[in-house]
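Below is one structure, written out as structure tokens; comments come after it.
Read-outs: derived from the displayed coordinates by stated rules, not from any lab. Note that the structure is a prediction, hence the values are computed from the model and not measured. Every residue, glycine among them, receives a Cβ derived from its backbone with ideal geometry; neighbour counts consider all protein chains shown.
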Amino acid sequence: MDVPQVPGAEGGGSEVSDDQQADPSGPGIDPERPERARKLFSGPIAFLKSAPALEHLPAPGVPEIAFAGRSNVGKSSLLNALTNRNGLARTSVTPGRTQELNYFDVGAPLVFRLVDMPGYGFAKAPKDVVKKWRFLINDYLRGRQVLKRTLVLIDSRHGIKDVDRDVLEMLDTAAVSYRIVLTKADKVKATDLAAVLAATEVEARKHPAAHPEVIVTSSEKGMGIAELRTAVLEAVEV
Ligand SMILES: Nc1nc2c(ncn2[C@@H]2O[C@H](COP(=O)(O)OP(=O)(O)OP(=O)(O)O)[C@@H](O)[C@H]2O)c(=O)[nH]1
Ligand SMILES: [Mg+2]
């Protein structure tokens, strides 16, 4: 006559503890976003245009995600790694490769745009060129309504430098939401990487417009790329 009580059997749903019910990815996080991001970044992506000045920007129709950072930090390489397409954005061992705002359409129908930017802090470029890039970058970042998030790339070997701090402060002042991304993680030892990550997160948390968590990447090894795809889609969707 006695029916053994099997945990989780019919009617037992209400007895499941809060711990067991909790979404392991945390509150407010969409568990299906990583897969959606993976599909989107492996689907149609196309170069749209190069904008040498603000008047050449495309009409602001969809969200934009920008790649900012010092010359040679790996912006174009990261864009290629995210989209899994070598040569989509042009890269070079010589700093100053990307000279305009390069737009890439993601999704068909279009979902958002990636914007590869010239680097800042390139001391060896002619002064007037540096100035032109600085105005282009700053004006774009400060004034673009559809800019949903800026990825600010920092070389894992060097950490945040003063020239980066100027940009972070400018973004804070303009209330442009940004996320710090460490690049070239394959070039540093694990212990050094842990130290630079910790220091970078301490600094990120002092900046009001910065996401508190820093993503560690290597375009070369594919490290952090899936995580960054999800972070980009999150910025587009929220
Ligand atoms: N080892 C390693 N090298 C990388 C990585 N990412 C980029 N590089 C190299 O760094 C150099 C600069 O990369 P780019 O992607 O052109 O850098 P960028 O920030 O777009 O540079 P500019 O357009 O000149 O501002 C190239 O030689 C890349 O191959 C990485 O994750 N690991
Ligand atoms: Mg580039």
Check: Can you give the Rg to Rh ratio of the chain, both from alpha-carbon atoms, with Rh computed by the Kirkwood formula?
Finding: 1.08
Margin query: Please list 3J(HN,Hα) in residue order for region 83-89, calculated via the Karplus relation 6.51 cos²θ - 1.76 cosθ + 1.60 where θ = phi - 60°; whole Hz, with x for glycine and proline.
Written below: 8, 6, 9, 5, x, 5, 9
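In what order do Thr183, Thr230, Thr94 fall by count of nearby beta-carbon atoms within 10 Å, going from fewest to most?
Thr94, Thr230, Thr183
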Next item on the list: Please report Ser177, Ser76, Ser92 as a ranked list, fewest other C-beta atoms within 10 angstrom at the top and most at the bottom.
Entry: Ser92, Ser177, Ser76
Next item on the list: Report the one residue of Phe41, Asn86, Gly159 whose Cα lies farthest in the direction of the positive end of the charge dipole of region 33-237 (charges on C-beta: Lys and Arg +1, Asp and Glu -1; origin at the Cα centre).
Entry: Asn86
Note to self: For the chain, take the longest principal axis of its alpha carbons; what is the angle in degrees between that and the long axis of helix 162-174, to the nearest 10 within 0 to 90?
What the structure shows: 70
Notebook entry, point to check: Build a GNM of the chain with springs between Cα atoms under 10 Å: which of Leu153, Leu48, Leu114 gets the top mean-square fluctuation?
Noted result: Leu48
Check: About the Cα centre of the chain, what is the dipole size in debye to 20, counting +1 per Lys and Arg Cβ and -1 per Asp and Glu Cβ, all else neutral?
Finding: 1740
Next item on the list: Could you tell me which of Ala231, Leu114, Ala125 has its Cα farthest along the dipole of the chain towards the positive end, charges placed at Cβ (Lys, Arg +1; Asp, Glu -1), taken about the Cα centre?
Entry: Ala125
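Rounded, prolate or oblate for region 142-238? Axes are the square roots of the Cα gyration tensor eigenvalues, ordered a ≥ b ≥ c, and the cut-off for rounded is a/c under 1.5.
Oblate shape, in that a/c is at least 1.5 and b/c is the bigger or equal ratio.
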